[in-house]
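Colleague: Dropping a structure here in structure tokens format, bear with me for questions.
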Amino acid sequence: MFMANKKNDKLAWGISLLAFGCLFLIKQLHILPDGIASVIFDTKNYPLLMGIIFLLFHSYKSVGYVLIAVGLLFRISDIIRITQHVSDYIWPILLMISGLILIFGFKKGK
């Protein structure tokens, strides 16, 4: 069992290094348009990418969860900006869902 964990560790780290090497090669070759490249090569995204790789290939999933949490913390201002307008619709939608549950819930009970 101990050897299996070492193999998983090497696999996760090896895939991470391979992925980052490919990303940096793509950056050096200027293959992607500037708009896409600025998003992909933003260092705030690297913990997210590593977290996904570690969730898929590492035996201890907690490492992946921690890396994803760190990546999300780096992106919290972007997440707030994107979801800012969604919050305007949450209460009306919750009220409508509650009303539908009450209406259809009482009809089923009778």
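The values are calculated or read from the model by the stated rules, or taken from the named source; none is laboratory data. Since the model is a prediction, treat every value here as computed from it, not as a measurement. All Cβ positions, even for glycine, are placed from backbone atoms using ideal geometry, and neighbour counts span all protein chains on display.
Let's see how each residue does on (1) in a helix (DSSP H, G or I); (2) of a type in the set (A, V, I, L, M, F, W, C); (3) under 11 Å from the mean Cα position of the chain (by Cα):
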residue: LYS44; (1), (2), (3): yes, no, no
residue: ILE68; (1), (2), (3): yes, yes, yes
residue: SER77; (1), (2), (3): yes, no, no
residue: ILE82; (1), (2), (3): yes, yes, no
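Colleague: Pairs, please: C-beta under 9 Å, at least 6 apart or cross-chain, first residue under 13 Å from ALA12 (Cβ atoms) and in region 49-75, second assigned to a helix (DSSP H, G or I) and basic (Lys, Arg)?
Modeller: PHE54/LYS61; LEU55/LYS61; SER59/LYS7
Colleague: Being at pLDDT 85 or above and in a loop (DSSP other than H, G, I, E, B) narrows it down to one residue among ILE53, ILE26, ILE31; which is it?
Modeller: Residue meeting the stated conditions: ILE31.
Colleague: If you don't mind, another one. Residues that are loosely packed, with under 12 Cβ neighbours inside 10 Å, at pLDDT below 85 and in a helix (DSSP H, G or I): does region 90-100 have at least one?
Modeller: The answer is yes, given that some residue of region 90-100 is loosely packed, with under 12 Cβ neighbours inside 10 Å, at pLDDT below 85 and in a helix (DSSP H, G or I).
Colleague: To continue, here is another question. One residue is enough: does region 48-60 have a residue meeting the conditions exposed (fewer than 10 other Cβ atoms within 10 Å of the Cβ) and not small (Gly, Ala, Ser)?
Modeller: No; the residues of region 48-60 include none that is exposed (fewer than 10 other Cβ atoms within 10 Å of the Cβ) and not small (Gly, Ala, Ser).
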